[in-house]
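So the structure is just underneath, and the comments pick up after that.
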Amino acid sequence: MKLKISKNIRICILSAIILLILALIFDNQILAFFSGIQTPLVAGLMKIISFMGNFYIIPFIATLVIIIAIKKNKSRCLAAAWTSLLLGVIISFLLKIIIARPRPDLMPTLWDFSFPSWHSLGVFAVLPLLDKKLQPYWLAFAILVSLSRLYLGLHYASDVIGGIIIGYGIGLLGLKFFNLKK
């Protein structure tokens, strides 16, 4: 059985790889930029946004959004979201242990490993599962959560981009596995 990948998908994959490589090259410069623009007010706001992306918060936010806003295939969409998020936790945990990349030194955390960013992975795993009308709002939320991780110095840009790529890929698998047409 031969796997067919469309030209658009190949372009997206290549673009994501190039973006990840660029982020790896410029990780320290990007981290320094965010460190240089920090203010107490924005840092407080970013901590709240970052908290909303925690692995024990994001499933409940996603569930509320799906229950309130999704009209068709609600139960399959919920199953796909929870399965994608659980798979994301497992993959993120395993990659953190295997890669064992230390976090930036800007803010101490309980979990010392950085790659990939679970927050980015989790919010982007839900994105493909939502209706087209909801996706722009969730994308804005996902970008804010991802940027909060950079702003607070908890991750390098490559950790966040890696999380985005892995998370979105997991969401696409959930979409396909649960036969949700988007």
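Here, each number is a calculation from the coordinates, and none is a lab measurement. As the structure is a prediction and not an experimental result, all values here were calculated from the model. Virtual Cβ from ideal backbone geometry, glycine too; neighbours counted across all protein chains shown.
With runs of 4+ DSSP H residues as the only contributors, calculate the mean residue ellipticity of the chain at 222 nm using -39,500 (n - 2.57) per run, divided by the residue total and rounded to the nearest 500.
Dividing the helical sum by the residues of the chain leaves -24000 deg cm²/dmol.
Can you tell me the FRET efficiency between Q38 and W82 if r is taken as the Cβ-Cβ distance and R0 is 41 Å, rounded to the nearest 0.05?
About 0.75, to the nearest 0.05.
What angle do you read, to the nearest 10 degrees and between 0 and 90, between the alpha-carbon axis of helix 58-69 and the longest principal axis of the chain?
For helix 58-69, the angle is close to 40 degrees.
Have a look at L64, L150, A140 and report the one farthest towards the positive end of the charge dipole of segment 9-177, computed about the Cα centre with Cβ charges (Lys/Arg +1, Asp/Glu -1).
Positive-most Cα among the choices belongs to L64.
How long are the semi-axes of the ellipsoid equivalent to segment 57-154, from square roots of 5 times the Cα gyration tensor eigenvalues, in whole Å, largest first?
Its equivalent ellipsoid spans semi-axes of 28, 15, 9 Å.
Applying a 10 Å radius around every beta-carbon, put 41-48, 158-165, 72-79 in order of their mean neighbour count, most first.
Order by mean packing, descending: 158-165, 72-79, 41-48.
Just to confirm the filter: which chymotrypsin sites (Phe, Trp or Tyr not before Pro) across segment 63-132 are DSSP coil and have at most 14 other Cβ within 10 angstrom of their Cβ?
Passing both the DSSP loop test and the Cβ count: W111.
Please list, in order, the residues from segment 11-49 whose amide nitrogen is less than 16 Å from a point placed 7 Å along the Cα→Cβ vector of I99.
16-28, 31
Given Cβ point charges of +1 (Lys, Arg) and -1 (Asp, Glu) and nothing else, what value in debye, to the nearest 20, does the dipole of the chain about its Cα centre take?
Charge dipole of the chain: 1100 debye, to the nearest 20.
Give me the angle, in degrees from 0 to 90, between the Cα long axis of helix 74-99 and the longest principal axis of the Cα atoms of the chain, rounded to the nearest 10.
Approximately 40 degrees, to the nearest 10.
Any idea what diffusion coefficient the chain gets from Stokes-Einstein, in µm²/s, Kirkwood Rh on alpha carbon pairs, 20 °C, 1.002 mPa s?
For these conditions, the coefficient is 127 µm²/s.
Given the pairs K7/K72; K7/K74; K74/K96; K74/K133, which span a C-alpha to C-alpha distance of over 25 angstrom in this model?
Exceeds cut-off: K7/K72; K7/K74; K74/K96.
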